[in-house]
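Have a look at the structure below, then the notes.
The values are calculated or read from the model by the stated rules, or taken from the named source; none is laboratory data. None of the values given here were measured: they were computed from a predicted structure. Methodologically, a virtual Cβ is constructed for each residue, glycine included, from the backbone with ideal geometry; neighbour enumeration extends over all protein chains shown. What goes into the accessible areas is simple: the full protein's heavy atoms, side chains included, and nothing from ligands, DNA or RNA. Shrake-Rupley method; radii C 1.70, N 1.55, O 1.52, S 1.80 Å.
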Amino acid sequence: MGDFNLTVILDAIRRTAGGLSRVELAQIVGLSPQTISNISRRLLDQNLIVEAGKEGSGPGKPRTILRLNPGGMYALGVHLDPAVTTFVVLDLVGSVVRHSRIKTPGGNDPSAVITTIAAEIDQLVADSGVDRSRIAGLGVAAPGPIDLDNGTVVDPPLLPGWDRVELREALAAATGYSVLVDKDVTSAAVAETWAGGPSGAGSFIFMYMGTGIGCGIVLNDEVVRGTSGNAGEIGHIIVDPDGPPCDCGLRGCVKSSCIPQVLVAEAEAAGILDGSRAGNSAAEVQQSFSRLCALADGGDERAAAILDNSAVLVARAVSVVTNTLDVERVVFGGPFWSGLAERYLERIPPLLDANSDVRLIHPVEVVGTGVGEDVGAIGAASLVLEHTLAPRAQRLLLES
Ligand SMILES: [Zn+2]
């Protein structure tokens, strides 16, 4: 009875909202009733699951339903974003127990930022009242590119001074928790699988609307990270052949034509937004972008035209990815999503459908994240749950 079977059973229970009886579990995972019974006992002893009443009214004995115990385990998540750093404590069913946000300290001293993050984590855990011994670890979502093997952040845009910072080791030393680091877009996809409900199942891409635009990829319920953990970099997909020049030497890439910073600059050049911003920091771009969205929603046609055009461009990039991967769903989210949601959810589905090579076979659904604004931090904490609890082919190979 290896740990693989244990995680398979936990995984089956967590994927069924109402819980499962032992008999149903045996049918779903294909293990013997005796094995199911033994593992259930272990999980009950570890407080990871609870017996949640009996079900069944027909002939025969009513069945005891097994459910995850929300308080059986907790995970911490941090989303390091150039503008705002978000913190969450997540319980075993993926619910947020406590969250907080701080303005990401500026300057170019990563060690000062790490000290601030560690202090905030201590405060958050104290405020949550969660027993430290029940915390499985700390997940960190960081802007890419990252070095997944070494838990290193490698020179991300808008975080000056973050040139090969060993974030995983530094935070482990500062907090005493075991630490996992993943790219923010991938963390967002992980969050969707753990806490997003029906939109987090099957095969989908998570379109992360942040300082840049990237996507997290989930195929058949498995998160795809690529060789080095940097899958999903779609910034150089060309969406407008006559568009603005990109740092790659070509024109009209996603990152040169429809990221927030570019849209804000466009609105400033056209006199729609006041161009007297104090600086070009992530926080200042975010403020200006919110103003642009508010103007468009308030009926400013020129502001609306900029955002509507960005929806067309983003849809082109998304269709390249959805056609390549044959996914069933596109989930949008990230710090810049809320201002775009209504507009994008109206405009992007027909554009995507028109470009879909599989539209006669299946639709490609477009939805906003079921997880909300803290998706990066929730994803980071979900990484810990996933690492601790989810069955993986890799684990099976190691243990067989
Ligand atoms: Zn480019």
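Of the residues making up region 88-113, those that are part of a strand (DSSP E or B) and either in contact with a Lys or Arg (Cβ under 6 Å, 6 or more places away or on another chain) or open to solvent by 50 Å² or more (accessible area, probe 1.4 Å) (or both) are 89, 96, 97, 98, 99, 101, 103. Scanning region 127-137 for any residue that is open to solvent by less than 30 Å² (accessible area, probe 1.4 Å), over 27 Å from residue 197 (Cα atoms), assigned by TED's automatic domain parsing to the domain that holds residue 164 and in contact with a strand residue (DSSP E or B) (Cβ under 7 Å, 6 or more places away or on another chain) turns up nothing. Considering region 214-235, the residues that are more than 13 Å from residue 327 (Cα to Cα) and open to solvent by less than 20 Å² (accessible area, probe 1.4 Å) include one that is farthest from the ligand (Cβ to nearest atom), namely 229.
Conditions (1) buried (at least 24 other Cβ atoms within 10 Å of the Cβ); (2) in the same structural domain as residue 18 (by TED's automatic domain parsing); (3) in a helix (DSSP H, G or I), marked per residue:
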| residue | (1), (2), (3) |
| --- | --- |
| 160 | no, no, no |
| 164 | no, no, no |
| 168 | no, no, yes |
| 172 | no, no, yes |
| 187 | yes, no, yes |
| 207 | yes, no, no |
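Looking across region 140-158, the residues that are open to solvent by 70 Å² or more (accessible area, probe 1.4 Å) and closer than 22 Å to residue 282 by Cβ come down to 155, 157. Scanning region 261-276 for residues that are more than 23 Å from the chain's Cα centre (by Cα) and either open to solvent by less than 60 Å² (accessible area, probe 1.4 Å) or touching a residue at least 12 places away in the same chain (Cβ under 8 Å) (or both) yields 262, 263, 264, 265, 266, 267, 268, 270, 271, 272, 273, 275. From the list 317, 305, 294, pick out the single residue that is open to solvent by less than 10 Å² (accessible area, probe 1.4 Å) and modelled with pLDDT of 95 or more. Matching residue, one of 317, 305, 294: 317.
Quick check on residue 351: is it more than 30 Å from residue 282 (Cβ to Cβ) and either without any contact (Cβ under 8 Å) to a residue 60 or more places away in the chain or surrounded by fewer than 21 Cβ atoms within 10 Å (Cβ to Cβ) (or both)?
So residue 351 does not fit the description; no.
Within region 236-245, if we keep just the residues that are over 24 Å from the mean Cα position of the chain (by Cα), closer than 17 Å to residue 315 by Cα and not acidic (Asp, Glu), the residue that is farthest from the ligand (Cβ to nearest atom) turns out to be 241. Cβ contacts < 8 Å: first residue outside the structural domain of residue 313 (by TED's automatic domain parsing) and at pLDDT below 95, restricted to region 244-260; second residue within 9 Å of the ligand (Cβ to nearest atom) and open to solvent by less than 20 Å² (accessible area, probe 1.4 Å), any location; separation 6+ or different chain. Result? Note: no pairs meet the criteria.
Taking region 54-67 as the range and being farther than 14 Å from residue 17 by Cβ, at pLDDT below 80 and in a strand (DSSP E or B) as the test, only 54 passes.
Results for (1) in contact with an Asp or Glu (Cβ under 8 Å, 6 or more places away or on another chain); (2) touching a residue at least 24 places away in the same chain (Cβ under 8 Å), shown as yes or no for each residue.
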{"site": "320", "(1), (2)": "no, yes"}
{"site": "340", "(1), (2)": "no, yes"}
{"site": "347", "(1), (2)": "yes, yes"}
{"site": "356", "(1), (2)": "no, yes"}
{"site": "361", "(1), (2)": "no, no"}
{"site": "382", "(1), (2)": "no, yes"}
{"site": "389", "(1), (2)": "yes, yes"}
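What tally of residues in region 189-205 results from selecting those that are touching a Cys at 6+ places or on another chain (Cβ under 6 Å) and in a helix (DSSP H, G or I)? Residues that pass the stated criteria total 0.
If we only count helices (runs of 4 or more DSSP H) wholly inside region 246-363, which ones have 1 or more residues that are among the β-branched types (Val, Ile, Thr), under 24 Å from residue 192 (Cβ atoms) and within 16 Å of the ligand (Cβ to nearest atom)?
Output list reads 254-257, 301-325.
Taking the criterion of being of a type outside the set (Asp, Glu), in contact with a strand residue (DSSP E or B) (Cβ under 6 Å, 6 or more places away or on another chain) and assigned to a loop (DSSP other than H, G, I, E, B), the only residue of region 364-390 that qualifies is 369.
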